[in-house]
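Asker: Can you keep this structure in mind? I'll have questions shortly.
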Amino acid sequence: MSHLLRWEVCELYLTRMPLNTRRRGAMKLLTSPQSMHAAVQSAFPPSSLERAGGRSLWRVDQTSDSLTALYLVSPIEPDLSHVAEQAGWQVGDMWQTRDYRPLLDRLAKGQMWGFKLRANPVFHGTKADKGWADTKPLAHVTVRQQEEWLVRRAETCGFALTSSEGTHATSRVTNRSTLRFLKSGHRVVIATATYDGVLTVQDPQALRRTLTEGLGRAKAYGCGLLTLAPLPIGAPG
């Protein structure tokens with residue numbers, strides 16, 4: 001089955017789960033991308049994602065001390081009971097899942113949407129002083145480099161980051177962090193940037209693929225999930 005048609009024939013879900021940052025379990029998940037990755041994968045039966053022909057993407061949004069949420073896109077409806085028990089709120093709807101396909105179906109060229117993305121902006125380079133024979137992914141470290149990285153990636157991902165007059169990029173880096181952990185005895189360092197802004201749809205099919213398959217590297221560790229939101233009525237664009 002081609003990637004181009006996958007979004008049309010499978011189920012797709014967008015899930016939002018508030019996290020209770022006062023709980024010890026929540027803090028463990030929020031400070032360990034490996035633990036959060038394992039928790040997300042445990043929301044699906046073994047091998048079920050592979051059989052569904054897709055993967056899960058996740059991101060944690062922390063807008064304030066009292067508003068932290070896990071966002072998840074997946075081809076199977078997740079069961080987050082174990083996360084709710086460890087790190088969620090025990091009142092009301094512990095998480096909300098909705099069908100993602102209606103939004104994908106509505107995408108059309110020229111539409112403008114608010115967006116949010118946490119990504120791992122990198123380029124491929126070499127360091128002769130370290131004896132590298134081949135190029136390796138290296139992190140963009142300045143805000144300008146990270147912003148330019150997304151502008152360059154936008155076209156192949158189905159959108160543009162320019163105003164309606166085409167004069168300037170309409171996104172900004174709102175948060176930057178570095179993840180450090182050990183994996184199989186090796187030290188892993190992942191530089192992340194969180195982007196907020198407004199995008200214009202250029203290629204609806206390519207954008208659908210980006211929304212369901214992710215953008216960039218480090219998807220297992222909370223990067224790559226692009227989400228859209230309607231612009232407020234009367235917002236410039």
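The values are calculated or read from the model by the stated rules, or taken from the named source; none is laboratory data. What you see is a predicted model; the values in this text were computed from it and never measured. Glycine also receives a Cβ, built like all others from the backbone with ideal geometry; neighbour counts cover every protein chain displayed.
Asker: Take the residues in region 114-142 that are more than 16 Å from the chain's Cα centre (by Cα) and assigned to a strand (DSSP E or B); name whichever of them is modelled with the lowest pLDDT.
Answerer: Checked region 114-142; the qualifying residue modelled with the lowest pLDDT is G125.
Asker: Next up: For a quick check of your reading of the model, give me the residue pairs whose first member lies in region 185-209 and is without any contact (Cβ under 8 Å) to a residue 60 or more places away in the chain and assigned to a strand (DSSP E or B), whose second is surrounded by fewer than 20 Cβ atoms within 10 Å (Cβ to Cβ) and charged (D, E, K, R), with beta-carbon atoms closer than 9 Å and at least 6 apart or on different chains.
Answerer: Listed pairs, sorted by first residue: R187/R180; V188/R180; V189/R180.
Asker: Test each condition in (1) over 25 Å from L49 (Cα atoms); (2) of a type in the set (G, A, S); (3) loosely packed, with under 15 Cβ neighbours inside 10 Å for S184 and report the one that comes out false.
Answerer: (1)
Asker: Another one. Check G54 against each of (1) assigned to a loop (DSSP other than H, G, I, E, B); (2) free of Cβ contacts under 8 Å to residues at least 60 places away in the same chain; (3) buried (at least 17 other Cβ atoms within 10 Å of the Cβ) and name the one condition it does not meet.
Answerer: Among (1) assigned to a loop (DSSP other than H, G, I, E, B); (2) free of Cβ contacts under 8 Å to residues at least 60 places away in the same chain; (3) buried (at least 17 other Cβ atoms within 10 Å of the Cβ), G54 violates only (2).
Asker: Does region 8-17 contain at least one residue that is without any contact (Cβ under 8 Å) to a residue 12 or more places away in the chain, in a helix (DSSP H, G or I), surrounded by fewer than 18 Cβ atoms within 10 Å (Cβ to Cβ) and of a type outside the set (V, I, T)?
Answerer: For region 8-17, residues without any contact (Cβ under 8 Å) to a residue 12 or more places away in the chain, in a helix (DSSP H, G or I), surrounded by fewer than 18 Cβ atoms within 10 Å (Cβ to Cβ) and of a type outside the set (V, I, T): present.
Asker: Return the pairs, sorted by first residue and then second, in which the second residue is outside any helix (DSSP H, G or I) and of a type in the set (S, T, N, Q), the first residue lies in region 21-40 and is more than 16 Å from S177 (Cα to Cα), the beta carbons are less than 6 Å apart, and the residues are 6+ apart or on different chains.
Answerer: Matching pairs, first to second residue: T21/T68; A26/N20; V40/S56.
Asker: I've got another one for you. Name the single residue, out of those in region 18-33 being assigned to a helix (DSSP H, G or I) and surrounded by 15 or more Cβ atoms within 10 Å (Cβ to Cβ), that is modelled with the lowest pLDDT.
Answerer: Here the answer is P33.
Asker: Let me ask something additional. Looking at region 84-96, is at least one residue modelled with pLDDT of 95 or more, under 19 Å from the mean Cα position of the chain (by Cα) and in the same structural domain as R22 (by TED's automatic domain parsing)?
Answerer: yes
Asker: Hey, another quick one. Evaluate the following for A39: is it surrounded by fewer than 12 Cβ atoms within 10 Å (Cβ to Cβ), small (G, A, S) and modelled with pLDDT of 95 or more?
Answerer: No; evaluated as a whole, the condition is false for this residue.
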